[in-house]
Amino acid sequence: MDDVQERLQRLEETIGQLAGLMSKLASGISGTGVGQQTGGAGGATEANKNPFGTLPQVTSGGNSIESYIARAGQFAMMGAAAGAGAQSAFTIEVRFLGGLTDNQKNAFKTAANRWTRAIVGAVPAVSVEGEVVRGLLILAQGANIDGPGRILGQAGPTRLRPANGSAPFIPAKGEMTFDSADLRVMEQQGTLGDVITHEMGHVLGIGSIWSQKALLNGAHTSNPTFTGQNAAREYGVLRGGGSMPVPVENTGGQGTADSHWGKCFR
């Protein structure tokens, strides 16, 4: 679980001190299977919400899929009137595909609430595989991968907004799949919530779309930096000076280097 502990060390400063900064970033991990999704017409099916904000959705096969939608730290209902291209408050929908206990699902819900509290502004709704996505749709599941302490899982965006739109490359859809054995270990160690929050940040774009957004300088070198204006300003405030590029991790291989804040944040 050394990899998990390293991620948690990065998370402490990143989430604790830079929540406001992160909310303005267009970023994420180096994920595979990332492609653009062009916008189009469409509508979202309206569903009744229960007191806990979980929306039961029915697929074409008739199977009920549990879904949770967070907006500004609260659950929300997607209305039929919001078509592709419409602006609205940013939402994160977590769609649970199976393999997760109620406690593990709650970790995803809490993380979604936390990120929607930090994120400001809105993005245009887009049509993704026949359905309208207002903010970000995450497919979450637990799976039997290789047992505890090896491959934790994978998390990252799978569909990005159009490059020529008003929110170029901002993720519209992503996935979070974790090894069931590692999920149990993280629960026992009390690290589950932090890890889920960290990985959800990658699906949102932190570390995964920096190159597409031309916001990463010095990739694959000893001194990579993130050059987003808001991030540079906030980092300068933390350092007690003027605006300056944000140091990025330069070790750890693919998935770690060039996709996390540098060691100075630990």
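Of note:
- Protection-proxy order for peptides 241-254, 157-170, 193-206, 125-138, each taking the mean of Cβ atoms within 10 Å per residue, highest first: 193-206, 125-138, 157-170, 241-254
- Of HIS220, VAL185, SER166, farthest towards positive along the dipole that unit charges on Lys, Arg, Asp, Glu beta carbons give the stretch 163-228: SER166
- With 0.36 nm allotted per residue and the present C-alpha distance subtracted, the SER243-GLN141 stretch has 32.7 nm of extension available.
- Were the residues from ILE65 through ARG150 laid out at 0.36 nm apart, the gain over their Cα-Cα distance would be 27.7 nm.
- Here the simple spin-label model places points 7 Å from the Cα toward Cβ, and for ASN103 and ASN217 these points are separated by 4.7 nm.
Values quoted throughout were computed directly from the atomic coordinates according to the rules given, and no laboratory measurement underlies them. Nothing here was measured: the structure is a model prediction, and the numbers come from that model. Because the Cβ atoms are built from the backbone with ideal geometry, glycine has one as well, and the counts that use them run over all protein chains shown.
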